[in-house]
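Data block below; observations after.
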Amino acid sequence: MANLTYFISIAIIIATPITGIILLLDRFFWQKNRTDQDKLPALVDWSKFLFPVVLFVSVLRSFIAEPYIIPSGSMQPTLYEGDMIVANKWSFGLRYPITNKRIFSERGEGIERGDVAIFKYPKDERINYVKRIVGVPGDKVDYRNKRLTINDVPLEYEKLGPARDPEEDLFIRETMPSKEGTIDYTIQNSRYLTDADFFVAAQFPIIIPEGKYLAMGDNRDNSADSRFWGFVDDDQMLAKANFIWMNYKCLFKFKDCDRIFTTIK
């Protein structure tokens with residue numbers, strides 16, 4: 001499915017100039033050889049229909065906003081499997097389609113610690129990932145015993161109670177320093193130390209290089225993230241997750257309907 005979405009995106013971007021060129025050729029060359037009674041060539045007819053559609057979709061998805069469906073529980077409880085979200089492309093800077101290079105902004109602009117970000121998976125850029133940014137360029141980050149320390153300041157944690165799925169886990173409020181002070185959000189943790197805790201602890205503390213970001217899932221003990229595959233580059237950043245507009249469990253099972261139209265934070 002991830003590969004299919006990737007190829008559909010490429011097809012839409014490529015179809016925009018192709019259909020536009022066909023319409024221009026028809027306007028300035030082919031149209032002169034037709035009478036009013038002649039039927040439009042199939043290629044021109046299809047281009048006339050497709051061009052405004054693919055142009056609109058291409059501009060919307062490339063520069064303004066794009067919908068995504070959450071495929072797993074790695075961001076619980078912020079995002080659950082089946083959440084359909086809208087992400088703001090403007091937040092992380094205007095970028096060229098396909099290459100994702102910035103146009104009018106510098107590397108790093110608009111991306112803040114604590115953002116829930118959509119980005120290209122560094123190991124396979126055809127796949128999009130969603131995680132929370134916990135380290136920005138220049139940060140010194142440590143992670144031990146399920147707790148983050150940023151620039152030698154331990155984050156504040158407050159236990160909130162049993163998680164929803166599974167109930168053996170815990171919901172914990174994490175307070176992170178941000179550009180505007182602090183931000184609070186809820187993460188999910190196992191009650192016990194896991195093999196992953198010992199594995200990732202050996203890598204820390206680390207200093208985030210220029211143009212790179214450290215990303216973690218809010219479901220900390222059930223997330224394949226920067227702890228395992230490394231940093232996210234600025235050129236791989238796509239958009240900032242804004243709100244949940246639907247959940248497919250609500251559509252088909254009438255569950256999680258309370259998540260519709262909630263802001264992501």
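The values are calculated or read from the model by the stated rules, or taken from the named source; none is laboratory data. Only a predicted model underlies this, so the values are computations on that prediction, with no experimental measurement involved. In this analysis, Cβ positions are derived from the backbone assuming ideal geometry, glycine residues included, and neighbour counts consider all displayed protein chains. These accessible areas exclude ligands, DNA and RNA; they are computed on the full protein's heavy atoms, side chains included. Shrake-Rupley method; radii C 1.70, N 1.55, O 1.52, S 1.80 Å.
Of all residues in segment 39-57, those that are more than 13 Å from Ile21 (Cα to Cα) and among the aliphatic types (A, V, I, L, M) have Cβ atoms under 8 Å from Cβ atoms of residues that are open to solvent by 70 Å² or more (accessible area, probe 1.4 Å) and at pLDDT 90 or above, 6 or more apart or on another chain, in Leu40/Lys48. Screening Phe92, Phe119 for residues that are touching a Gly at 6+ places or on another chain (Cβ under 7 Å) and modelled with pLDDT of 90 or more leaves exactly one candidate, Phe92. Scanning segment 31-47 for residues that are β-branched (Val, Ile, Thr) and surrounded by 14 or more Cβ atoms within 10 Å (Cβ to Cβ) yields one hit, Val44. The strands (runs of 3 or more DSSP E) falling completely within segment 48-126 that include 2 or more residues that are open to solvent by less than 20 Å² (accessible area, probe 1.4 Å) map to 83-88, 116-120. Here is the figure for segment 34-47: residues that are more than 22 Å from Ile10 (Cα to Cα) and assigned to a helix (DSSP H, G or I) total 2.
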